[in-house]
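The values are calculated or read from the model by the stated rules, or taken from the named source; none is laboratory data. Everything quoted here is computed from the prediction, not taken from an experiment. Heads up, the Cβs are rebuilt from the backbone with ideal geometry, glycines too, and the neighbour counts pull from every protein chain shown. The area values use the complete protein model at the heavy-atom level, side chains included, leaving out ligands, DNA and RNA. Shrake-Rupley method; radii C 1.70, N 1.55, O 1.52, S 1.80 Å.
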Amino acid sequence: MRMLLAGVLPRRTVRMRLTALYGALFVVSGAVLLAISGGVVVSSSRVSGVAANQAVASPLTRDQIRIHELQAKLASAEAQIHSGVSHGLVVGSAIALGVMTAVSLVLGWIVAGRVLRPLRQMTVATRRISADSLHERLAVAGPGDELKDLADTIDGLLERLEGAFAAQRRFVANASHELRTPLATMRASVDVAVAKPEPVPAQTIALADRLRGELDRVDGLLDGFLALARAQHGDLPGRTTLSLEYLTAASLAVRAGPIAARHLTVHHATGPKATWVTGSQALVCRMVDNVLDNAIEHNKDDGWISVTTGADEHLARLVVETGGDVLDADQVSQLAQPFRRLGADRTGSDHGSGLGLSIVAAIAVAHGGTLDLQARAEGGLRVSVALPLAPAGRLAGAGVPG
């Protein structure tokens with residue numbers, strides 16, 4: 001019942017409650033004022049009536065009795081007039097109270113809106129700030145009141161969060177870099193052990209091959225960590241103008257072997273408008289490669305991949321769709337986070353580090369773009385990357401990357 005009423009009734013905002021409080025206080029104070037004025041009028045009428053009765057009751061002569069009878073009639077007429085005026089005054093006051101109540105509600109709504117305006121601005125700014133824009137601050141100007149204290153507290157919290165995120169990213173980057181040396185040493189030791197002149201047992205060769213495969217996976221994981229940390233830091237080396245259409249075609253050509261090995265059918269369509277973007281060639285290429293690797297790896301044999309590159313007025317887009325089973329929309333929305341995978345039961349493969357799409361998301365955001373993941377109603381996944389188009393002035397010297 002509560003949920004049904006919550007869906008029908010409007011949300012009780014602070015502004016509505018303040019307006020109702022202003023209106024209620026005005027009505028109560030107006031009613032008290034009317035009660036006091038009405039009591040004064042009734043009291044004065046009673047005093048006049050008592051005085052007239054006392055005058056008639058005193059022993060008088062005939063002329064005096066006549067005079068007092070006329071005075072009594074005059075007093076009675078005055079009392080009737082006074083009663084009518086009092087009634088009209090009460091009715092008019094009640095009408096005025098109703099009108100002023102409506103006016104007070106309107107004024108209360110306006111005043112509450114002005115009082116809560118800084119709070120609304122802080123709410124909008126706080127919603128806009130995310131993990132990728134923790135450098136932004138509310139920076140509310142004004143007197144040192146409670147709202148200013150709240151804004152300064154939120155700014156302090158954002159500053160501490162920014163420091164924590166920066167420390168985490170530096171740790172990931174430094175750890176990934178430092179771990180490359182022992183990995184290289186381990187790889188060299190395995191190669192030396194297998195390359196000895198004396199005959200090497202078959203078990204040793206098999207173990208060496210397995211170690212090389214695991215070292216390759218760890219090396220790829222560290223490379224992913226470095227790319228993710230670089231993108232999250234906004235470190236975009238070698239910024240240039242690139243063709244998203246060309247990069248996609250080149251990446252598909254490089255992956256012709258894995259595509260053929262799984263008997264995948266690829267449909268590549270391009271739009272009429274050029275897809276030039278500005279950014280780091282290494283990171284944008286990594287982004288395109290990760291999207292296509294995800295489509296190939298998390299697919300089924302004899303499946304299909306649809307790749308579309310195009311542009312509208314402001315954005316260049318890369319859209320990659322794959323078929324397969326119907327996926328859970330909530331789980332798909334979390335695939336852009338590190339180490340989030342749908343599992344081997346969907347694709348028949350347990351390869352991958354779970355960093356591919358998170359790297360894509362970080363690179364897209366670092367270039368001012370977005371990553372959109374959707375579960376297709378017919379089954380499979382739709383990955384859409386949007387990047388801002390390069391300014392027209394940059395296209396003069398743009399070339400196709402080698």
Residue list for segment 324-337, filter: crowded, with 17+ Cβ neighbours inside 10 Å and either in contact with a helix residue (DSSP H, G or I) (Cβ under 8 Å, 6 or more places away or on another chain) or closer than 18 Å to His267 by Cβ (or both): Gly324, Leu327, Leu335, Ala336
Filter result for the condition that a residue is open to solvent by less than 40 Å² (accessible area, probe 1.4 Å), assigned to a helix (DSSP H, G or I), within 30 Å of Val27 (Cα to Cα) and not polar (S, T, N, Q), over Ala151, Ala112: Ala112
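Residue by residue through segment 120-147, note down the ones that are surrounded by fewer than 16 Cβ atoms within 10 Å (Cβ to Cβ), in contact (Cβ under 8 Å) with a residue 12 or more places away in the chain and in a helix (DSSP H, G or I).
Gln121, Thr126
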Matching residues, segment 251-262, being open to solvent by less than 40 Å² (accessible area, probe 1.4 Å) and either of a type in the set (A, V, I, L, M) or touching a Cys at 6+ places or on another chain (Cβ under 6 Å) (or both): Leu252, Ile259
Residues satisfying the stated conditions in segment 172-218, i.e. open to solvent by less than 60 Å² (accessible area, probe 1.4 Å), of a type outside the set (A, V, I, L, M, F, W, C) and in contact with a helix residue (DSSP H, G or I) (Cβ under 9 Å, 6 or more places away or on another chain): Ser176, Thr204
Check on Ser243, buried (at least 17 other Cβ atoms within 10 Å of the Cβ), over 32 Å from the mean Cα position of the chain (by Cα) and among the hydroxyl-bearing types (Ser, Thr, Tyr): no
Cβ-Cβ under 7 Å pairs, at least 6 apart or on other chains, segment 272-293 side under 15 Å from Ser384 (Cα atoms), far side open to solvent by 40 Å² or more (accessible area, probe 1.4 Å): Thr275/Glu245
Exclusive hit being at pLDDT 80 or above, within 30 Å of Thr13 (Cα to Cα) and of a type in the set (A, V, I, L, M, F, W, C), set Val190, Val140, Val124: Val124
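Can you tell me how many residues in segment 100-154 are under 20 Å from Leu21 (Cβ atoms), of a type outside the set (D, E, K, R) and within 20 Å of the chain's Cα centre (by Cα)?
2
With Arg341, Arg394, Arg382 as the choices, which residue is at pLDDT below 90, open to solvent by 20 Å² or more (accessible area, probe 1.4 Å) and not in a loop (DSSP other than H, G, I, E, B)? Quick ask: steps written out before the conclusion?
Numbers: Arg341 fails: not in a loop (DSSP other than H, G, I, E, B); Arg382 fails: at pLDDT below 90.
Criteria check complete, one pass: Arg394.
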